[in-house]
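Asks: Just passing along the structure, written as structure tokens.
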């Protein structure tokens, strides 16, 4: 070999090297000898055997390595040979293709040359003795993140006392996979069976187990610890004997739940007998009957379910004892999540909605890339037919580089699309639930929801893709057509599940008119005081009591004086811009069916307090209708408040045309034997005679009619309560209703 001029120095990533590449039946088993790593090397072009241009790399750690464009016979003294793309006329071009580098030599042992696999696995377990350290990350040193430490301590502690199903909830991007790997090594589990929902996640998870994730790099696992033997089920297991051999030949076995549940019963039973533990990733799928039945086979083995959301697709909680949940708000505060800007599109024509969504998403992508952000766009569709239509739309908008990915493509076609994204030949991918759960691509920062998701859990997972944070990446954006009630419902479900989405998902109305713009502005006025309350999903009934206030201003900071602080759900949420406060508190009382003092009925109540400065009226709504809440009114507006009651409340009937009274309460002025009479019916006025009305005064009334051309309902009581059958779509709508009521009460 002759060396040419042009030697220099470079930092390269040498690909991982396998120590073992074997099969049991049709399924692969692999073990790493060396993980992929950065090396500073001396480089120099050379000629191999006078014909093939190669690039020679040398370092003390890696030795002498050749990079070549085609297969060669390794010369003496060479530590390894790597195959690379590039131009033979310019060997330095081989460096540009490091993502595709693979070892030609040395080759891992062939299956028949491999040592006894059970003994290899035992050797791995022995090397893990004392190899794990609970090392916490800090500003100055690497280690486990806070949620990883919390989950791992919770799991280790749980296993000291119990071995039934445990559930760990960690938001997307906080390190679930490394937590699994840490548990594997810390507890020396073998063989561990890991079930995942998709092939893409199976490949990704198996690769991370192979290299022990980041745990060696951050110092949590000793450098002397062996890498595990990792098996992957991607072909049918023939019989129980093969299943037993497969588990006995690896430390970790990764499979899709589909492959496990479609195996014959004797194979499933053998896997359950031979595996020491079962980990289930993306466990919100456990509601599926086949998943639950397979998990049931592990009734006498420890099962751990990992998920980003504790809710199944049907809205119910994931079964199993929840032993650790890391809140979204802490994930965001720690920087694991970036905020998401929600950009609603308002388009009632379904035929035009796709183009509006695409134009909005492309505008965001172009702005992000133009500001130096390495962002990618994903357009989500519900079917292959829809994806093909949307793909054609993006191309018609001049984005001919947009790629399409769906399940009916060949693996090479899918890989070509992924490579285009990785190499930035394209920044736009149209997909049908690809890049789904567990797929790790932090640069995906713009989501175009051309079709809604099937349920809450999937929406959570999808949006979680876009919140991950890495250096030099900006915030994420989601575009959806808000006129589709199913999209609006899915977003509302996010807030209902976890109020922390209040701080993570903010609506960007961009000047759009209408209820959504007003709601976004109104909710923004609560600021951080609403972090623990899902204000977007509070739907109060239209009801209130009203107080006249003689003070110039109200004092919402005094709300706590009217409540037992121990019974508050959280600190009151206060909007000083709109003069609104929201309180959730509970009452408890003895059960009515016995004297059992340690059993109490607990009822949560909603309180809304709104002060209208122009009207000098204080409105109080409560789901607890047992009183008029004077103590609360005096706390926030002073002792001089006066309840609006008596005949004045009947002013709210003003403006109601064609009023039909459905309920009428009458008090007797003279008759002491019958003091109160209640009438109910489709039109009670038609059924009451003048004689029945003599010496009676109206106590309360409820009826239907028309106001401003629309059907309306209204109720009022001399005691001061005013109500309607309507349910507000948000709190701001209730405040607007209060203003309408106030105008009527003030009209002499």
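The values are calculated or read from the model by the stated rules, or taken from the named source; none is laboratory data. Since the structure is predicted, the reported quantities are computational estimates derived from the model, not experimental observations. Heads up, the Cβs are rebuilt from the backbone with ideal geometry, glycines too, and the neighbour counts pull from every protein chain shown.
Asks: Could you list all residues from region 366-403 that are part of a helix (DSSP H, G or I) and surrounded by 21 or more Cβ atoms within 10 Å (Cβ to Cβ)?
Replies: Within region 366-403, 368, 387, 390, 391, 394 meet the criteria.
Asks: Still on this structure, please answer the following. Quickly run through region 708-725 and pick out the residues that are part of a strand (DSSP E or B) and surrounded by fewer than 16 Cβ atoms within 10 Å (Cβ to Cβ).
Replies: Answer for region 708-725, where residues must be part of a strand (DSSP E or B) and surrounded by fewer than 16 Cβ atoms within 10 Å (Cβ to Cβ): 710, 711, 725.
Asks: Can you pull out the residues in region 191-221 that are in a loop (DSSP other than H, G, I, E, B) and touching a strand residue (DSSP E or B) at 6+ places or on another chain (Cβ under 8 Å)?
Replies: The answer is 191, 197, 198, 211, 212, 215, 218, 220.
Asks: Spot the failing condition for residue 680; the list is (1) within 26 Å of residue 728 (Cβ to Cβ); (2) assigned by TED's automatic domain parsing to the domain that holds residue 715; (3) touching a helix residue (DSSP H, G or I) at 6+ places or on another chain (Cβ under 9 Å), and only one is missed.
Replies: Exception for residue 680: condition (3).
Asks: Would you mind stating whether residue 46 is over 44 Å from the mean Cα position of the chain (by Cα) and either touching a residue at least 40 places away in the same chain (Cβ under 8 Å) or part of a loop (DSSP other than H, G, I, E, B) (or both)?
Replies: Yes.
Asks: Can you find, within region 121-159, the residue that is nearest to residue 329 (Cα to Cα) among those that are over 29 Å from the mean Cα position of the chain (by Cα) and either part of a loop (DSSP other than H, G, I, E, B) or not assigned by TED's automatic domain parsing to the domain that holds residue 223 (or both)? Give the derivation first.
Replies: Step one: of region 121-159, the residues over 29 Å from the mean Cα position of the chain (by Cα) are 121-133, 140.
Narrowing the set further to residues that are either part of a loop (DSSP other than H, G, I, E, B) or not assigned by TED's automatic domain parsing to the domain that holds residue 223 (or both) leaves 128-131, 133, 140.
Working: 128: 35, 129: 36, 130: 35, 131: 33, 133: 28, 140: 24 Å.
Ranking the candidates gives 140 first.
Asks: State which residue is surrounded by the most Cβ atoms within 10 Å (Cβ to Cβ) when the search covers only region 80-105 and only residues that are modelled with pLDDT under 85 and part of a loop (DSSP other than H, G, I, E, B).
Replies: Taking the candidates together, the pick is 86.
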